[in-house]
């Protein structure tokens, strides 16, 4: 299956799913004393882990990946919340991160689905 659909697209889908799970766990444990916020991987990590994928701008209006600030690039954030019980979950940040992760998951799922639809249309008589 990964021969048909690029393995890095499948990896991106797994990362998106993992990030949704992490943010869900953080939100569920917002009132758990001593709970430390858990963070997931960024999408950029797919390209940094030895994958042979080259990103290039195809239009002068495209943003350069290296110019994206860390807070917008999907990098994980630490909590500045100081809780008396040691919990490091910042609910506002988690809600925002969950929404962002959900959008990335849906977009990635549609991206992978389009590959399958192309294959199906090529196979059908």
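Filter region 24-38 down to the residues that are over 14 Å from residue 86 (Cα atoms) and either touching a residue at least 12 places away in the same chain (Cβ under 8 Å) or touching a strand residue (DSSP E or B) at 6+ places or on another chain (Cβ under 7 Å) (or both) and list them by number.
24, 25, 27
So which residues in region 58-97 are under 16 Å from the mean Cα position of the chain (by Cα), at pLDDT 70 or above and over 15 Å from residue 35 (Cβ atoms)?
95, 96, 97
Every residue in region 4-38 that is in a loop (DSSP other than H, G, I, E, B) and surrounded by 16 or more Cβ atoms within 10 Å (Cβ to Cβ), please.
Across region 4-38, the qualifying residues are 5, 29, 35, 37.
Quick one: which of 100, 110 is under 17 Å from the mean Cα position of the chain (by Cα), at pLDDT 90 or above and closer than 21 Å to residue 6 by Cα?
Exactly one of 100, 110 is under 17 Å from the mean Cα position of the chain (by Cα), at pLDDT 90 or above and closer than 21 Å to residue 6 by Cα, namely 110.
The values are calculated or read from the model by the stated rules, or taken from the named source; none is laboratory data. Everything quoted here is computed from the prediction, not taken from an experiment. Cβ: placed from backbone, ideal geometry, glycine included. Neighbour counts: every protein chain shown.
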